[in-house]
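Below is one structure, written out as structure tokens, with a few remarks after it.
None of the figures in this text is laboratory data; all of them are computed from the coordinates on show. The structure displayed is predicted, hence computed values, not measured ones. Please note: Cβ atoms are built from the backbone with ideal geometry, for glycine as well, and neighbour counts cover all protein chains shown.
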Amino acid sequence: MSEYSLDTYTCESCKCAIVVNCVWEPGGMNDYGGFIVQCRSCNTIQEIYVGRDVNSSSIRSGAILLGRYDRDLEGDRETTRQRHGLD
Ligand SMILES: [Zn+2]
């Protein structure tokens, strides 16, 4: 059975709260990674490192989810950042 927790991140620009519903599978396959998000308050696009499981986790409030990357996939973080204009 999946477990979850609500984790609060802070926008790097306006410091408003971005709440992530972090989901993971105890003892199962969990892909670690992060999100590229756009802040709903100031529209800044930024990366947040979420951890496990990046494909099941989602944004609860504060930002729009633009993309996900898997930390263990070669080059995935870089290409996902570039796709959204970071770097
Ligand atoms: Zn912001």
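Could you state the per residue volume, in Å³, of the convex hull enclosing the Cα atoms of segment 3-83? Don't skip to the end; give the middle numbers.
Working: hull volume 5.7 nm³, N = 81.
Convex hull volume per residue, Cα atoms: 71 Å³.
Any idea what the dipole of the chain comes to, in debye rounded to 20, about its Cα centre with Lys/Arg Cβ at +1 and Asp/Glu Cβ at -1?
Numbers: 9 positive and 13 negative charges, 90 e Å.
With Lys and Arg at +1 and Asp and Glu at -1, about 440 debye.
Under 19 Å from a point 7 Å along the Cα-to-Cβ line of T79: which residues of segment 24-38 have their amide N that close?
Of the residues in segment 24-38, 31-37 have backbone N under 19 Å from the label point off T79.
Using the Cβ atoms and a cut-off under 13 Å, what net charge is assigned to the surroundings of A17, where Lys and Arg are +1 and Asp and Glu are -1? Mind dumping the intermediate values first?
Details: positive: K15, R40, R60; negative: D7, E12.
Around A17, the surrounding residues sum to +1.
Can you compute the helix-only [θ] at 222 nm over the chain? Use -39500 (n - 2.57) per DSSP H run of at least 4 residues, normalise by all residues, nearest 500 deg cm²/dmol.
On the way: 1 runs with 8 residues, N = 87.
Using -39500 (n - 2.57) per qualifying helix, the result is -2500 deg cm²/dmol.
Hey, in the GNM for the chain with a 10 angstrom Cα cutoff, which one of D53, D76, D31 fluctuates hardest?
Maximum fluctuation in the GNM of the chain, among the listed residues, is at D76.
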